[in-house]
Amino acid sequence: MALSSRRKFLKISTGTITGIVATSALSPVVTGCKFIEEKTKRNVKDIKKTPTMCDVCFWKCGAIAHLDNGKLWKIEGNPNDPLSNGRLCPRGTGGIGVNSSKDRLTSPLIRKNVNGKDQWIEVTWGEALDYIAEKMKIIKSKYGPESMALFSHGSSKFFDHLINAYGSRNTCAPAYAQCRGPREIGFQLTFGDSINSPERTDIENAKCITLIGSHLGENMHNSQVQEFSKAIEKGASIIVVDPRFSVAASKAKYYLPIKPGTDMALILAWINVIVKEKLYDVEYVEKYGYGFDEFVVEIEDNTPEWASTITEIDTQLIVDTAHEMARYKPATLVHPGRHVTWYGDDTQRSRAIALLNALLGSWGRKGGFYFPSVYEIPKYKYKPYPSSETPNIDEANKTYPFLTPGMGLSTDIRKATITEKPYPVKGWFVYATNLLGSLPNQEETIKAIKKLDLLVVVDIVPSEIAEWADVVLPESTYLERYDELNTDPFKINYVSLRQPVVESPNNQKPSWWIAKKLAEKLDLGEYFPWKDCEEYLDTRLKAAGLSLAELKEKGVITGKQNPLYIEEGIEPKFKTPSGKIEFYSLQLKEKGFDPVPKYTPTEEPPDGHFRLLFGRAPVHTFGKTQSYGYLKELMPENEVWINSNVANNFGLKSGDRVKLKNTEGIVTDPVLVKATERIRTDCVYLVHGFGQQSKALKSTYKIGASDAQLTSKYKMDPIMGGTGMNINFVSIEKEEYNG
Ligand SMILES: Nc1nc2c(c(=O)[nH]1)N[C@H]1C(S)=C(S)[C@@H](COP(=O)(O)OP(=O)(O)OC[C@H]3O[C@@H](n4cnc5c(=O)[nH]c(N)nc54)[C@H](O)[C@@H]3O)O[C@H]1N2
Ligand SMILES: Nc1nc2c(c(=O)[nH]1)N[C@H]1C(S)=C(S)[C@@H](COP(=O)(O)OP(=O)(O)OC[C@H]3O[C@@H](n4cnc5c(=O)[nH]c(N)nc54)[C@H](O)[C@@H]3O)O[C@H]1N2
Ligand code: SF4
Ligand SMILES: [Mo]
């Protein structure tokens, strides 16, 4: 019987059978001796500092790990690192908890059928990799290499390299089309360039900052938050648009509690005021703009009065805030947001934000958007990947005309897996992404998984997705491994390194090692010609006149400080078809889309239901930090934010527990109520990442409620394939108390 037809959710639990390597508990004698040894050796003055790079999120801050007598003690920011400026965010500081998390995987696991029952068997790396290689070879010979897909969200790119070398270009990341994808395309269509990560926003120098559902301060991306607090100290005027009174809203001069889903109307009305009152940067628009006259005609009817009825924001407040942002032009930044996949028209909303910035002249200006630069480290010269006649799934589907090349769509790969169209997908390699938490509609994900011949999950804990795998591979944590260099675009050129600070406690391995060994078993060893990651990194660094030895010592090396703004002599190049800022987009028009964004209403919550909103908490990253000691103490579970009046009507108060039920009938675990004035009456809010359903996650299983479980509906962005996810509605189910 094919594995696919019998695949069931398989709990990784204490019932796991121990196989060839017995890695479980050391005997009490050994533990006792170790304990005594450690006690006697202890010398608090013996502090070792190792520079490395944080991986608690993807900002990739330079950090310095401190070992007290060989034991992880604390981790701080690297003062030479431009991203951290010597300070980590709370998550980065709490990152040391990853190493000792009780939930960690300790050994490779294979799902095996024993006496008619699926079981997890602990195996050696050799056995696990042999098993995977054999299955991958069968998939390649039966269906072609493109039938293996990679889902990833990690700084390591070694699995991308492996899958490409194997012959497949089906790689994707839920951190793109479920996150910032539409923003990148909206800005590209307008300025010919995207925002990228870290965002190219010059927050520190902005005199007016408008945040539209971007909650800096809860969204803890380090340098952004540092710059935001500097801007506030300098007296910047803050405008916050959010249905929820966020931390940022508490710092705002103007707070606009918008009706969810109506931001497009607000942005168009701001544009309308700024154009009609000629408050825009006339010289900038004349010099760099394309199609301005046609654009003006399109936005003519989007008056503040019109927008007021849609957004439920006072007309005068719309006018006043338009005046406020124009007053400070060009040092006025309408932040593009990051997690923008809300309602399915997200590329157009992002484009509207781009157009508003274009009017204010903030692109390429101090206090607006700067021109970033990158430290050039040549790529490792590998043998070319095998050429293939078969296009990747997105290219074959041709559904989304403005997809970013190379950024595959996870939901298209999932759909192809279910339908076998445009061709069958039989294997998934999942690296550092919990697809059940990150992709909308868990049911569809499970349906696709059931069709697979092979599911490999590389994780550090038995995550929700790991429980569906055929093989689970335990990775060393970021404090225990080398990774790819970081040269992400920023204000200043830099290259930073992640290097091992401590050894992995059990049988975990770094991704570069796993990818290389698996490649060898797939007869693709020539694609991994380096001996180890040190040799790989050193070869790359030497090609740039640097060395690994130097980078190991410093953690980060900074390069040139390039000019950042037009004022500093940069002549902007707009890589759009017209070579200008496209107020009117012929590209969009040709493909049947609105050349200037338009407001389209989104579905309203049915009676008795609330729109489900979600976001970040300062001390956690998605679902991955809940078991980290200090971070768990700081925020052990999430709460559902319910407007106080609504809570009152339900007879609920803060501290009660309720369940949330969506319109598809999915019900969460009980979650604490936070009755608060700080949210509108038509929506409720959850911090993402809680309510995990993997029983093996001892410290997080079923704690709090999962927004991912409730996100069954999503709306595809027809321009680039992003998944709008703020379209789910929930009712509040009071817990039955039986005395
Ligand atoms: N419902 C809902 N869906 C969302 C979002 C939301 O807010 N709500 N947010 C969206 C956004 S903005 C994004 S960016 C994506 C993010 O989505 P994902 O990238 O899937 O993020 P996580 O859910 O944190 O999953 C990370 C996984 O990596 C594992 N992991 C942690 N450290 C390591 C490591 O060192 N090595 C390995 N191999 N694994 C590791 C964790 O245990 C976890 O299983 O989700 C998107 N989807
Ligand atoms: N601490 C911490 N920081 C993080 C992360 C993390 O996991 N933890 N993850 C990082 C990642 S990958 C991302 S993408 C970013 C995400 O961070 P952001 O892009 O800043 O936003 P979200 O976390 O999605 O938060 C959504 C906000 O939008 C509001 N909102 C919801 N619907 C609407 C609407 O219709 N209109 C308006 N105007 N507002 C609305 C919500 O109330 C909430 O305040 O955070 C990054 N920073
Ligand atoms: S922003 Fe925080 S969690 Fe993210 S890399 Fe920097 S210190 Fe680490
Ligand atoms: Mo994200």
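Taking Leu189 as meeting all but one of (1) out of contact with any Gly (no Cβ under 9 Å at 6 or more places or on another chain); (2) within 15 Å of ligand 2 (Cβ to nearest atom); (3) aliphatic (A, V, I, L, M), write down the number of the exception.
(2)
Just checking: which of the strands (runs of 3 or more DSSP E) contained wholly in the range 590-690 hold 3 or more residues that are aliphatic (A, V, I, L, M), more than 16 Å from ligand 4 (Cβ to nearest atom) and surrounded by 16 or more Cβ atoms within 10 Å (Cβ to Cβ)?
Fully inside the range 590-690 and qualifying: 671-676.
Is one or more of the residues making up the range 186-198 charged (D, E, K, R) and not assigned by TED's automatic domain parsing to the domain that holds Phe292?
Checking the range 186-198: at least one residue is charged (D, E, K, R) and not assigned by TED's automatic domain parsing to the domain that holds Phe292.
When you scan the range 165-187, do you find a residue that is part of a helix (DSSP H, G or I), away from ligand 4 (no atom under 13 Å from the Cβ) and over 20 Å from Asn357 (Cβ atoms), even just one?
For the range 165-187, residues part of a helix (DSSP H, G or I), away from ligand 4 (no atom under 13 Å from the Cβ) and over 20 Å from Asn357 (Cβ atoms): present.
So that you can scan it fast, the table gives a plain yes or no per residue for (1) farther than 24 Å from Val241 by Cα; (2) in contact with a helix residue (DSSP H, G or I) (Cβ under 6 Å, 6 or more places away or on another chain); (3) away from ligand 2 (no atom under 16 Å from the Cβ); (4) modelled with pLDDT under 95:
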{"residue": "Arg657", "(1), (2), (3), (4)": "yes, no, yes, no"}
{"residue": "Lys661", "(1), (2), (3), (4)": "yes, no, yes, no"}
{"residue": "Leu672", "(1), (2), (3), (4)": "yes, no, yes, no"}
{"residue": "Ala675", "(1), (2), (3), (4)": "no, yes, yes, no"}
{"residue": "Ile679", "(1), (2), (3), (4)": "no, no, no, no"}
{"residue": "Tyr685", "(1), (2), (3), (4)": "no, no, no, no"}
{"residue": "His688", "(1), (2), (3), (4)": "no, yes, no, no"}
{"residue": "Gly691", "(1), (2), (3), (4)": "yes, no, no, no"}
{"residue": "Ser694", "(1), (2), (3), (4)": "yes, yes, yes, yes"}
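Residues that are more than 16 Å from ligand 1 (Cβ to nearest atom), surrounded by fewer than 23 Cβ atoms within 10 Å (Cβ to Cβ) and over 20 Å from Leu631 (Cβ atoms): does the range 91-104 have at least one?
no
Each row is one residue, and each column tells you yes or no for (1) aliphatic (A, V, I, L, M); (2) more than 16 Å from ligand 2 (Cβ to nearest atom); (3) surrounded by fewer than 20 Cβ atoms within 10 Å (Cβ to Cβ).
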| residue | (1), (2), (3) |
| --- | --- |
| Gln508 | no, yes, no |
| Glu520 | no, yes, yes |
| Asp523 | no, yes, yes |
| Pro529 | no, yes, yes |
| Leu548 | yes, yes, no |
| Glu553 | no, yes, yes |
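Step by step: first the residues of the range 47-69, then only those that are of a type in the set (Val, Ile, Thr) and more than 15 Å from ligand 3 (Cβ to nearest atom), then the one that is nearest to the chain's Cα centre (by Cα). Which residue is that? Full working, then the answer.
Taking the range 47-69 and keeping what is of a type in the set (Val, Ile, Thr), we get 47, 50, 52, 56, 64.
Adding the requirement that they be more than 15 Å from ligand 3 (Cβ to nearest atom) leaves 47, 50.
Numbers: Ile47: 34, Thr50: 27 Å.
Ranking the qualifying residues of the range 47-69, first place goes to Thr50.
Given Tyr482, Tyr536, which one is assigned to a loop (DSSP other than H, G, I, E, B) and open to solvent by less than 70 Å² (accessible area, probe 1.4 Å)? Quick ask: steps written out before the conclusion?
Values: Tyr536 fails: assigned to a loop (DSSP other than H, G, I, E, B).
The unique qualifying residue is Tyr482.
I want to confirm something. Restricting to the range 143-163 and keeping residues that are of a type in the set (Gly, Ala, Ser) and modelled with pLDDT of 95 or more, which single residue is surrounded by the most Cβ atoms within 10 Å (Cβ to Cβ)?
Selected residue: Ala149.
Would you be able to tell me the number of residues in the range 372-425 that are open to solvent by less than 20 Å² (accessible area, probe 1.4 Å) and in contact with a Ser or Thr (Cβ under 7 Å, 6 or more places away or on another chain)?
5
Exactly one condition in (1) open to solvent by less than 10 Å² (accessible area, probe 1.4 Å); (2) more than 13 Å from ligand 4 (Cβ to nearest atom) is not met by Ile195; state its number.
The single condition Ile195 does not satisfy is (2).
Regarding the range 706-714, can at least one residue be identified that is farther than 24 Å from His339 by Cβ and not aliphatic (A, V, I, L, M)?
The answer is no, given that none of the residues of the range 706-714 is farther than 24 Å from His339 by Cβ and not aliphatic (A, V, I, L, M).
Within the range 456-488, which residues are near ligand 1 (Cβ under 10 Å from one of its atoms) and aromatic (Phe, Trp, Tyr)?
Tyr478
Within the bounds of the range 199-211, is there any residue that is within 26 Å of Leu612 (Cα to Cα), buried (at least 24 other Cβ atoms within 10 Å of the Cβ) and within 14 Å of ligand 2 (Cβ to nearest atom)?
The answer is yes, given that some residue of the range 199-211 is within 26 Å of Leu612 (Cα to Cα), buried (at least 24 other Cβ atoms within 10 Å of the Cβ) and within 14 Å of ligand 2 (Cβ to nearest atom).
Would you point out the residue of the range 70-90, among those that are out of contact with any strand residue (DSSP E or B) (no Cβ under 8 Å at 6 or more places or on another chain) and assigned to a loop (DSSP other than H, G, I, E, B), that is most open to solvent (accessible area, probe 1.4 Å)?
Pro79
So, Asp55, is that one under 30 Å from Asp470 (Cα atoms), at pLDDT 90 or above, touching a helix residue (DSSP H, G or I) at 6+ places or on another chain (Cβ under 7 Å) and surrounded by 14 or more Cβ atoms within 10 Å (Cβ to Cβ) or not? Talk me through it step by step, then tell me what you get.
On the way: under 30 Å from Asp470 (Cα atoms): yes; at pLDDT 90 or above: yes; touching a helix residue (DSSP H, G or I) at 6+ places or on another chain (Cβ under 7 Å): yes; surrounded by 14 or more Cβ atoms within 10 Å (Cβ to Cβ): yes.
In short, yes.
Select from the range 707-724 the residues that are under 20 Å from Phe622 (Cα atoms) and surrounded by 20 or more Cβ atoms within 10 Å (Cβ to Cβ) and list them in ascending order.
Within the range 707-724, Asp707, Ala708, Gln709, Leu710, Thr711, Tyr714, Gly722, Thr723, Gly724 qualify.
Looking at the range 128-146, I want the residues that are free of Cβ contacts under 8 Å to residues at least 12 places away in the same chain and have a partner that is assigned to a helix (DSSP H, G or I) with Cβ atoms under 9 Å, at least 6 apart or on another chain. Which pairs are those?
Glu134/Lys521
Determine whether the range 318-332 contains at least one residue that is in a helix (DSSP H, G or I), touching a residue at least 12 places away in the same chain (Cβ under 8 Å), surrounded by fewer than 16 Cβ atoms within 10 Å (Cβ to Cβ) and not acidic (Asp, Glu).
Yes - at least one qualifying residue is present in the range 318-332.
Please name all residue pairs, on different chains or six or more residues apart, with Cβ atoms under 6 Å, provided the first residue is in the range 426-454 and is among the hydroxyl-bearing types (Ser, Thr, Tyr) and the second residue is part of a loop (DSSP other than H, G, I, E, B).
Tyr431/Gly154; Thr433/His153; Thr445/Leu439
Looking at the range 225-259 only, could you name the residues that are open to solvent by 10 Å² or more (accessible area, probe 1.4 Å) and either within 16 Å of ligand 1 (Cβ to nearest atom) or not assigned by TED's automatic domain parsing to the domain that holds Glu312 (or both)?
Correct list: Asp242, Pro243.
Would you pick out the residues in the range 447-486 that are of a type in the set (A, V, I, L, M, F, W, C), farther than 30 Å from Ala65 by Cβ and out of contact with any Phe, Trp or Tyr (no Cβ under 7 Å at 6 or more places or on another chain)?
Ala448, Leu454, Ala469, listed by residue number.
For the range 577-589, how many residues meet the condition of being surrounded by fewer than 19 Cβ atoms within 10 Å (Cβ to Cβ) and either within 29 Å of the chain's Cα centre (by Cα) or in the same structural domain as Val730 (by TED's automatic domain parsing) (or both)?
The number of residues fulfilling the criteria is 1.
The values are calculated or read from the model by the stated rules, or taken from the named source; none is laboratory data. Small disclaimer: the values here were computed from a predicted structure and weren't measured. Note that we place each Cβ from the backbone using ideal geometry, even for glycine, and neighbour counts take in every protein chain shown. Ligands, DNA and RNA are stripped out before the accessible areas are found, and what is left, the full protein with its side chains, is counted by its heavy atoms. Shrake-Rupley method; radii C 1.70, N 1.55, O 1.52, S 1.80 Å.
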